[in-house]
Amino acid sequence: MARRRYFRGLTLLTTVASLALVACGPTQTSPKKMAIAPTTTVSASSAEKQLQRQATAMQKTILEGAVAGALLAGALSSNRRGAISIGPAIGFGMVIGGSAGTYVAFLQKQYSNNEQRLNAVKSDIDANSAEIQQTINVMREVLAVQEAELKSVRARVNSGASPEALYAELADANANLLNMQLAIEGADRRQAELGQVRGLVLANNNTSLIDPDLAALAQQITSMKAIANDLENQL
């Protein structure tokens, strides 16, 4: 249920984002995110297109997902009969997002005690873990297809075929590698966000209650980087 709430929140946030941005004015955006967009090619396979979508999704921060969930909750509470009122939802989301600034600040403003904060963090971690695992699965599929295609086209070129096909395949592979790298960058940013929350949910022995989750996230990111490295070695 928590995972569904996270993704429904992102869907609603997308619906109202343009109106919210107009009302809020200019927002801060990472220069790297502005300069580099997820890349695809005209002949991209379904797996490659899914990789592009995952790269885009991974650009969203933990804070954005959390604010989206709060925005959805505010929208639903504004109309208990089930019809979401977009106007109040936008205002509610602006107040939360604008005043929070960071994921830590958001949790501190939204929840009054550590138990509530821990439950919220666990929900966000579960959603993040699921999204990263989906990205890993797609990355593995793209890697397998790309390896087979590069091997095939290189064999044809070695047999005397035109190298043009190899150039095109290498361009596809580079586009896929860029999308993998963008997804990894997004995962790294989320890891940093969650690392900042660690001190809010400390256990009695001064360890954090989310340390196992952070370790699992680090392992997922290691897997993502290994897949990207495997593809880079094919180039």
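Within the range 120-149, residues that are free of Cβ contacts under 8 Å to residues at least 40 places away in the same chain reach partners that are open to solvent by 10 Å² or more (accessible area, probe 1.4 Å) and assigned to a helix (DSSP H, G or I) with beta carbons closer than 7 Å, at six or more positions or on different chains, in the pairs Glu149/Glu169.
Among what's in the range 207-225 and is part of a helix (DSSP H, G or I), free of Cβ contacts under 8 Å to residues at least 40 places away in the same chain and open to solvent by 50 Å² or more (accessible area, probe 1.4 Å), pick the residue that is nearest to Ser152 (Cα to Cα). The qualifying residue nearest to Ser152 (Cα to Cα) is Thr222.
Just to be sure before I move on: is Ala192 surrounded by fewer than 14 Cβ atoms within 10 Å (Cβ to Cβ), of a type outside the set (Phe, Trp, Tyr) and within 15 Å of the chain's Cα centre (by Cα) in the structure I sent? Taking the combined requirement at face value, the residue satisfies it. Taken together, the residues in the range 195-206 that are touching a strand residue (DSSP E or B) at 6+ places or on another chain (Cβ under 8 Å) and open to solvent by 60 Å² or more (accessible area, probe 1.4 Å) amount to 2. If you go through the range 150-159 one residue at a time, do you hit one that is touching a residue at least 60 places away in the same chain (Cβ under 8 Å), over 21 Å from Gly65 (Cα atoms) and among the aliphatic types (A, V, I, L, M)? Yes. Of the helices (runs of 4 or more DSSP H) lying entirely inside the range 83-189, those containing at least 2 residues that are exposed (fewer than 15 other Cβ atoms within 10 Å of the Cβ) and modelled with pLDDT of 90 or more are 103-110, 114-158. Residues in the range 196-206 that are over 13 Å from Asp124 (Cα atoms) and in a helix (DSSP H, G or I): 5 in all.
The values are calculated or read from the model by the stated rules, or taken from the named source; none is laboratory data. These figures come from a predicted structure and were not determined experimentally. Glycine gets a Cβ as well: all are built from the backbone with ideal geometry, and neighbour counts include every protein chain shown. Surface areas here come from the heavy atoms of the whole protein model, side chains and all, with no ligands, DNA or RNA. Shrake-Rupley method; radii C 1.70, N 1.55, O 1.52, S 1.80 Å.
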